[in-house]
Every structure is written in C-alpha cells, then in structure tokens.
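Everything below concerns the one structure shown next.
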Amino acid sequence: MSDSPEKIEDKQKTIRKIIHIDMDAFYASVEQRDNPEYRGKPVIVGGFPEGRGGVVATASYEARKFGVRSAMPSKQASKLCPQAIFIRPRFEAYKAASQKIREIFHRYTDLVEPLSLDEAYLDVTTDKLGIGLALDIAAQIKKSIKEELDLTASAGVSVNKFVAKIASEIKKPDGLTFIGPSKITSFMESLPVEKFFGVGKVTAAKMKEMGMFTGKELKKYSVEELVKHFGKNGNFYYQIVRGIDDRQVEPNRETKSLSAEDTFPYDLTRLEDMNQELDKIAALVEQRLLYYGLKGRTVTLKIKFSDFKIITRSKSYPHPVNENGIIASTARQLLEETAPEGKQIRLLGISLSNFGEPDQKQKNNRGKDQLLLFPPSS
Ligand code: DCP
Ligand code: MG
C-alpha cells in the first residue's frame, strides 16, 4: 500500500540526518600510531599464532592485503602473512581513544549511540553548532579525529541508521559517503543480500536458493512471504529494502546480552565434537566481552536438534565473569548435563547476560547485540 500525499509530506518534514562513524582498523591503527616502527607494516592485534585458540581481533590494512581478517584463527593468519607483526591487545589504549572520539561527537550532538569502542551513530538533524549540513559535520568530525588523535575514521551519512552504516563501509579507510533520499532506492536494490542487517550465512544461503541475490529480488517478496520464511526478521527486511528504518539513535543503550552461535553443516552426535565446537564459540563470546569491556553473571547454552527443537540451559554466578576459559567450561558442563551423546545436534550457541553487579538493574534494553562481526548465523 502506498502512502497518502499527507503521509508522504509528514515523512519529509521529519527527515533525519544520521551519521555512522567507524574507525579504520581501530586497534591496529592505535598500535601503529603509538609504535612508529609498525607503520606501513602488516600488524595483527589479537591472539598469538603459537597460543591455543587465538584469533585475530583486527589487522592493519597492510595485513588485509594478504587476506587476514578479524575473527580468523591467528595460526591461519600467520600462514597467510608470515611477516606479520603480532601484538597483544592493549584495551586501555583503545578505551582511551574511544573516550576521546566520543567527546568529539558530543561537540556536535548529544544524540550519540555508541555501538562499540570504535563505532557510533549520531543524529545531527539539529546540531549543536548550527552547521546544518550533515556531510560537513561528518567531514569536521573526521578532521578532528585526525588532528587530535592521529587516527582515521570512515563516515556514512544518510537519513536512517541502516543506510548510514552501510555507507560508512563503502569507501573505507578514511572514507566519507553520502546517500541522499533520491539515491536510496537504487542503492538498496543493488545491495547484496549478505549486507542486510541480521543476514548471516545460513539466511543468505536460503535467500539465494529462493532467487534473492540483491535487494532487487528481495523486493519482489511480500511481507507475508518474508515473515513465513524468515520469521519476524522478514518484516524488517521488507521495510529496510524500501529504505524504511525508523530506529532512533538512542544515547543510553546498554548491551543486555552477548552471544555467538554456529549452525553446523552436518549434525553433531559425538560429545567430543560438540565440546570442540563449544570451545570455538566460547572464544568468540570471550573476545566480544573484551571488546565491550563487559563481564556477565549468566552463561546460557542454546542447543538446536535436527528436528529444530531448541533448548536452553543457564548457569548464573554470584559475580560477573569473563575470565579466560570459564565460559567454555560452563558451557561444556551445561551441555553434559543434557546427556547429548548420540543425539543429533544442528546448532550450538552461548550467550552471556546479567552484566554489571548482581543488584544493579539494567537501565535499558538493547536486546541481543548483533552488530559485531559475529552475527548469529540465524
Ligand atoms: N574487534 C574484535 N573482534 C572482532 C572484530 C573487531 O576484537 N571480531 C575489535 C578490533 C577492531 C575493533 O574491534 O579494531 C573495531 O572493529 P571493526 O569491525 O570496526 O574493525 P576495524 O576497526 O579493525 O576495521 P575496519 O577498518 O574494517 O572498521
Ligand atoms: Mg572499525
């Protein structure tokens, strides 16, 4: 159904100006800034290749040329790029830089929603300094980050969060991309389905099977059909492909739970295999906790069986935890309590929740955070 002329007018009146900013190769750039001998060299921040289960947190653009990517096992990264310099993360340094970029954002607007240490949405529909043009504001922010922190950021500017976020990736590093209302339709139509928010590898494969490769084909499906195949996300895809995203920039959002999960190409039936997979998933959760600087009290294990039945099992600690190994060992214990040997398991997932101290109430709901590099494979 198309909107009435009054409704269209209403929408135009409320057109927002949203900026999404994301730092370039953040941890690696901080390391290169603080250690001039690393500049221009392939730098990998994260676990060391000799260690067990170490993964890449990020790689400098020099290392990315060799195919090194975030979340890749460090061993694999070192094979792809043997000359890479491996560095252990220094979270304090990244937090300090993050604090400073947030200060810069707040010069322009108080509507700043940080998504992680290196990323935020800004609503600059009305900006504190009266600059007016969102593109100018984004350019000034980038310039201040460069001058004051000696780091580069990429920015996307549009009328909603989704398009702004995708736009910020387009010209990375040091990019600035504006996608105005008149360009949104063609932009969304040419966008590969993988790029749609929340579409993991499993959903993407399903979409392709149904003949959807880009927004153009996605648009041919009715909302009912999309909901039938993709649950409530279907509704979101229907809206977003039409450039509709009314999510507000929310300054005080807090992360409520962090999770990672994996759907296996074949069902797991041996406890040994299940435990091995759980360790990998736990390592991702632990890494993301470090990334957000969070600790949680409750570990939840999710199991999906081959008949699609899903069960969850939780254990809560009296104090928040994020210590190396504790999430994996808790998940293993929870798994063993379900006597899984011989059952056919299609998916395993681990989440951590109940952040902060036990008596501290969560201020806000953020829901499952799916914005990082490990979106659930759906
Ligand atoms: N990070 C991490 N583990 C991941 C992904 C990221 O620890 N799986 C950390 C390291 C990154 C930082 O978060 O430097 C920001 O994540 P981004 O996804 O924004 O990646 P980068 O900033 O490193 O690179 P890009 O230039 O692609 O934004
Ligand atoms: Mg980044």
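The values are calculated or read from the model by the stated rules, or taken from the named source; none is laboratory data. Given the structure is predicted, the values throughout are model-derived calculations rather than measurements. Quick note on the areas: whole protein, heavy atoms, side chains included, nothing else; ligands and nucleic acids left out. Shrake-Rupley method; radii C 1.70, N 1.55, O 1.52, S 1.80 Å.
Computed quantities for the displayed model
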{"quantity": "Segment 213-258 versus segment 8-82: alpha-carbon centroid distance in Å", "calculated": "27"}
{"quantity": "Proximal aspartates and glutamates to LYS343, defined as alpha-carbon separation beneath 14 angstrom and excluding residues fewer than eight positions away on the same chain", "calculated": "ASP267, GLU272, ASP273, ASP307"}
{"quantity": "Rg in Å to one decimal, and Dmax rounded to a whole Å, for segment 127-195 via C-alpha atoms", "calculated": "13.1, 39"}
{"quantity": "For segment 1-178, diffusion coefficient by Stokes-Einstein and Kirkwood Rh (Cα), 10 °C, 1.306 mPa s, µm²/s", "calculated": "91"}
{"quantity": "Segment 257-371 - convex hull of alpha carbons, volume per residue in Å³", "calculated": "103"}
{"quantity": "Solvent accessible area, Å² - PHE305, 1.4 Å probe, full protein context", "calculated": "30"}
{"quantity": "Gyration tensor (Cα) of segment 34-99, equivalent ellipsoid semi-axes in angstrom", "calculated": "19, 14, 10"}
{"quantity": "Shape parameters for the chain, alpha-carbon atoms, Rg then Dmax in Å", "calculated": "21.7, 65"}
{"quantity": "Diffusion constant of segment 171-291 at 37 °C, which comes from Stokes-Einstein with the Kirkwood Cα-pair radius and 0.692 mPa s, µm²/s", "calculated": "190"}
{"quantity": "Of every Cα-Cα pair in segment 197-240, the percent that sits beyond 16 Å", "calculated": "22"}
{"quantity": "In Å², nearest 10: area of LYS206 left accessible to a 1.4 Å probe", "calculated": "80"}
